[in-house]
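To start, the structure itself, in structure tokens.
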Amino acid sequence: AAGDEAGAARVVLGFADADASAEATHWLRSEWVAPRLVPQLKGAVARGTERDALPRICAEVLVFARGGAFRPLRAAALADPQRPLHLLADSVWAEACAFLKGTPHLFGSLAGTPAALHAAHTATVALQAKLEALLQTPAERHYFRCHPAGADLMRRFNLPIYFQLRVQEIAKQLEAALARSDAAADTAEDGDGDGGGGGDGGGGT
């Protein structure tokens with residue numbers, strides 16, 4: 001209910017007024033965000049295959065961050081510019097990253113499938129950009145961009161392996177194309193050779 005959200009915002013501001021910003025974000029993440037967000041993320045995993053789950057998870061995180069359950073808390077974070085509360089980064093984003101870290105089989109399901117890995121990485125980068133767009137100040141955006149939870153999540157994509165697989169795919173396609181081209185050239189040469197002998201024949205009476 002809206003009253004619950006406003007009450008949560010007051011609790012967060014109460015912690016901050018007591019110069020306990022770290023406690024504010026810890027309470028918000030554990031008592032407000034996790035009980036509401038995690039069931040949605042689990043539902044996103046269950047709605048399809050594990051291989052394409054990550055884009056669905058990203059979509060749910062964005063819906064939550066933009067929705068009514070979190071909007072009053074974003075407003076609370078902006079109440080005092082001298083006392084920054086990085087609630088989006090330290091609660092929603094950190095909880096989403098922790099959920100993904102706690103379900104490593106999601107990343108395991110992407111192994112050896114460059115297309116699925118590319119889709120998952122693209123969805124995650126897009127989520128970061130859209131969450132960052134919800135922030136109001138350069139300081140907030142910088143804090144979000146440098147958040148250790150996000151950095152750890154991106155390392156799990158193991159992009160060097162992804163690029164290696166992509167190069168192998170391209171090399172195989174190139175080799176197949178060259179083989180087809182060589183075969184076509186050989187066939188053409190054979191055809192030219194077969195048709196070259198029958199011009200002297202007849203004509204002398």
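The values are calculated or read from the model by the stated rules, or taken from the named source; none is laboratory data. Just so it is clear, the model here is predicted, and its values are computed rather than measured. Note: ideal-geometry Cβ built from the backbone for every residue, glycine included; neighbour counts use all protein chains shown. Only protein heavy atoms, including side chains, enter the accessible area calculation; ligands, DNA and RNA are left aside. Shrake-Rupley method; radii C 1.70, N 1.55, O 1.52, S 1.80 Å.
Of the set (1) part of a loop (DSSP other than H, G, I, E, B); (2) loosely packed, with under 15 Cβ neighbours inside 10 Å, all apply to A22 but (1). Return yes when R36 is within 26 Å of D17 (Cα to Cα), assigned to a helix (DSSP H, G or I), touching a residue at least 24 places away in the same chain (Cβ under 8 Å) and among the basic types (K, R) and no when it is not. So R36 fits the description; yes.
Counting only helices (runs of 4 or more DSSP H) wholly contained in the range 46-146, the ones carrying 1 or more residues that are open to solvent by less than 10 Å² (accessible area, probe 1.4 Å) and of a type outside the set (F, W, Y) occupy 53-66, 71-77, 94-101, 105-108, 114-133. Selection of the range 144-157 for residues being out of contact with any helix residue (DSSP H, G or I) (no Cβ under 6 Å at 6 or more places or on another chain) and modelled with pLDDT of 90 or more yields R145, C146, P148, G150, A151, D152. In the range 53-68, the residues that are among the small types (G, A, S) reach residues that are assigned to a helix (DSSP H, G or I) and modelled with pLDDT under 90 with C-beta atoms within less than 7 angstrom, at least six apart or across chains, in these pairs: A53/L106; G68/E5.
Between E5, E31, the distinction of being open to solvent by 40 Å² or more (accessible area, probe 1.4 Å) and either outside any helix (DSSP H, G or I) or over 17 Å from P84 (Cβ atoms) (or both) belongs to E31 only.
Cβ contacts < 9 Å: first residue basic (K, R), restricted to the range 88-113; second residue open to solvent by 30 Å² or more (accessible area, probe 1.4 Å) and not in a loop (DSSP other than H, G, I, E, B), any location; separation 6+ or different chain. Result? Close Cβ pairs (under 9 Å, with a partner that is open to solvent by 30 Å² or more (accessible area, probe 1.4 Å) and not in a loop (DSSP other than H, G, I, E, B)) amount to K101/D152. In this structure, A119 qualifies as touching a residue at least 12 places away in the same chain (Cβ under 8 Å) and more than 21 Å from H147 (Cα to Cα).
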